[in-house]
Amino acid sequence: ALSGMEALQLLDEARPDLVLLDVMMPKMGGYETAWKIRERYSCEELPIVFLTAKYHPKDLVDGFFSGGNDYITKPFSKEELLTRIDFQIALKEAIRESKSMAVMEQELETARRMQLSAGIISVPRSPRFEIAAHHLPSKRIGGDYCDLDTADTGTLAAFMGDVSGSGIPAAFITSMVKIILDLHKKDRHDPAVILKRMNDSLFGRIDNCFVTALAVAVDPDAGRLLLARAGHLPLLVRRGKEGPLEKNQPAGKAIGLLPNEVYELMEIPVHPGDRVILLTDGITDVRKARGEDSRAMYGEARLDDFIREHSGETPRGFIDS
């Protein structure tokens with residue numbers, strides 16, 4: 001369609017699987033067109049993916065507020081576009097599936113499959129860092145998400161988030177977290193800014209849910225790690241194989257709870273041989289399936305002991321253990 005009005009006329013004739021919508025259009029802009037589409041179809045029935053050259057947090061907010069499911073800034077690659085399309089269609093099918101299911105267990109399994117197909121963790125390769133990551137899904141998913149990115153400058157940006165709740169709502173919010181991170185890649189060097197951008201975008205738009213998170217930027221040349229935290233478990237740093245285990249937890253409330261939240265930026269010195277660990281409470285809160293202590297959680301104290309005992313292992317071996 002060459003205009004928003006023409007697009008609405010086409011929707012009178014048939015409903016597509018998904019709408020790719022430019023923001024800047026003559027006579028009727030993309031946001032107004034999206035509003036009119038939403039008068040007919042919900043976000044679940046007909047996903048809208050905005051394509052735009054506008055790159056500002058307010059544009060992202062306007063896109064979500066007008067009914068968009070995703071927001072891609074130009075220029076973008078064909079592969080990125082197809083990946084986003086595939087994800088939105090898979091999400092729509094999962095929701096449609098879940099509505100016809102008789103029990104909650106089936107809905108949660110659908111959300112779990114959808115999240116796994118989207119790819120929870122992609123581990124980049126870098127000559128500057130040894131990186132290992134793993135996602136072991138539970139039966140009832142809670143929206144855990146990890147994003148790792150090595151920039152051309154040789155730095156490493158990491159984000160670890162945990163969406164409250166489970167099932168389809170958690171999957172929706174997780175996809176929004178991924179979109180916001182993609183839009184603000186240029187700010188990954190400042191973790192406090194990343195968390196503020198995310199809170200500004202999500203506050204008031206995720207109902208009663210919230211997101212705990214850690215955002216990290218490591219610069220090995222400067223010998224420093226920058227950290228911001230949003231109500232998440234602390235960042236753990238094991239100093240070499242024999243050094244102390246440090247817990248770093250700067251101030252900051254969970255994302256989505258309060259408007260205009262400010263996140264403390266902490267600077268931590270790092271040296272070759274230090275091990276930095278990000279995790280969610282999927283580890284500390286796990287319980288044994290059966291036995292005398294099946295009600296007891298794994299806990300932070302046991303995790304601390306494990307980290308000290310296994311400091312000599314490679315990152316991959318450590319995670320497998």
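The values are calculated or read from the model by the stated rules, or taken from the named source; none is laboratory data. All values reported here derive from a predicted model rather than from experimental measurement. With ideal geometry, Cβ positions are generated from the backbone for all residues, glycine too; neighbour counts draw on all protein chains shown. To get the accessible areas, we keep the full protein, side chains included, count just its heavy atoms, and leave off ligands, DNA and RNA. Shrake-Rupley method; radii C 1.70, N 1.55, O 1.52, S 1.80 Å.
Key figures
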{"read-out": "The range 134-259, relative contact order in percent, only Cα pairs under 8 angstrom and at least six apart counted", "value": "23 percent"}
{"read-out": "The chain - percent of accessible surface contributed by carbon and sulfur, probe 1.4 Å", "value": "53 percent"}
{"read-out": "Residue (of 192, 19, 279) at the positive-pole extreme of the chain, dipole from beta-carbon charges", "value": "279"}
{"read-out": "Accessible area of the chain divided out per residue, in Å², using a probe of 1.4 angstrom", "value": "52 Å²"}
{"read-out": "MRE, 222 nm, helices only [DSSP H, n ≥ 4, -39500 (n - 2.57), over the chain, to nearest 500]", "value": "-11000 deg cm²/dmol"}
{"read-out": "Added length on full extension, which subtracts the Cα-Cα distance from 0.36 nm per residue, residue 205 to residue 89", "value": "39.6 nm"}
{"read-out": "Lys, Arg +1 and Asp, Glu -1 on Cβ, resulting dipole of the chain about Cα centre, debye, nearest 20", "value": "120 debye"}
{"read-out": "Structure-derived Rg/Rh (Cα atoms, Kirkwood Rh): which label, when the choices are [x] 1.03; [y] 1.08; [z] 1.00", "value": "[z]"}
{"read-out": "Inter-site label distance for residue 320 and residue 122 at 7 Å from Cα along Cβ, in nm", "value": "2.5 nm"}
{"read-out": "GluC sites (Glu not before Pro) within the range 27-87, DSSP loop, no more than 16 other Cβ atoms inside 10 Å", "value": "39, 44, 45"}
{"read-out": "Estimated inter-spin distance, residue 77 and residue 224, nm [label 7 Å along Cα→Cβ]", "value": "3.2 nm"}
{"read-out": "Extension gain (nm, one decimal) between residue 39 and residue 288, 0.36 nm per residue minus Cα-Cα", "value": "84.8 nm"}
{"read-out": "Rel. contact order, % - alpha carbon contacts under 8 angstrom, at least six apart, the chain", "value": "11 percent"}
